[in-house]
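Let me begin by presenting the structure, written as structure tokens, before commenting on it.
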Amino acid sequence: MVSKNDIVSYVYDNCEKTEAGKPVVTKKVLEAIYPLFFEAIGTALAEGEEVRIPGFATFKPVLKAERQATNLQTMEKMIVPAHYSPKCKFSKDITEAVKAIEI
């Protein structure tokens, strides 16, 4: 599993370097940006907007229609009201890379 620290370290190690060879941002700055990045995506989705991150994924709210469901414990029928649900579609490159994982 990849953690927040792994992602921050990867970005830090691979970001642009100064002439002295040091990264142009500090790990502290990256750690502060990390939650804001995901907060921005969540806020946009909560406002009904689509979020496109080229080369990675597209996130969008999708309307799910009202439907009838059954409570499996009581077998009682109930109506699930219409609601929005987040949907994520990964880029072609990521999808192909994951499909290429050897079994």
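The values are calculated or read from the model by the stated rules, or taken from the named source; none is laboratory data. Because the structure is predicted, anything quoted here is derived from the model rather than measured. Quick reminder, even Gly has a Cβ in these numbers, built from the backbone with ideal geometry, and neighbours come from all protein chains shown. Quick note on the areas: whole protein, heavy atoms, side chains included, nothing else; ligands and nucleic acids left out. Shrake-Rupley method; radii C 1.70, N 1.55, O 1.52, S 1.80 Å.
Quick notes on this one:
- Residue pairs meeting the criteria (Cβ under 8 Å; at least 6 apart or on separate chains; first touching a residue at least 60 places away in the same chain (Cβ under 8 Å), in the stretch 1-29; second open to solvent by less than 80 Å² (accessible area, probe 1.4 Å) and part of a loop (DSSP other than H, G, I, E, B)): none
- Matching entry among Ile33, Ile53, Ile41 (being among the β-branched types (Val, Ile, Thr) and open to solvent by 60 Å² or more (accessible area, probe 1.4 Å)): Ile33
- Conditions (1) under 21 Å from Ser3 (Cβ atoms); (2) without any contact (Cβ under 8 Å) to a residue 24 or more places away in the chain: number failed by Tyr34: (2)
- Looking across the stretch 79-103, the residues that are hydrophobic (A, V, I, L, M, F, W, C), outside any loop (DSSP other than H, G, I, E, B) and closer than 29 Å to Glu47 by Cβ come down to Ile79, Val80, Cys88, Phe90, Ile94.
- Selected residue [of a type in the set (Phe, Trp, Tyr) and touching a helix residue (DSSP H, G or I) at 6+ places or on another chain (Cβ under 8 Å)] from Tyr12, Tyr84: Tyr12
- In the stretch 1-30, residue least open to solvent (accessible area, probe 1.4 Å) [restricted to those that are hydrophobic (A, V, I, L, M, F, W, C) and assigned to a helix (DSSP H, G or I)]: Val8
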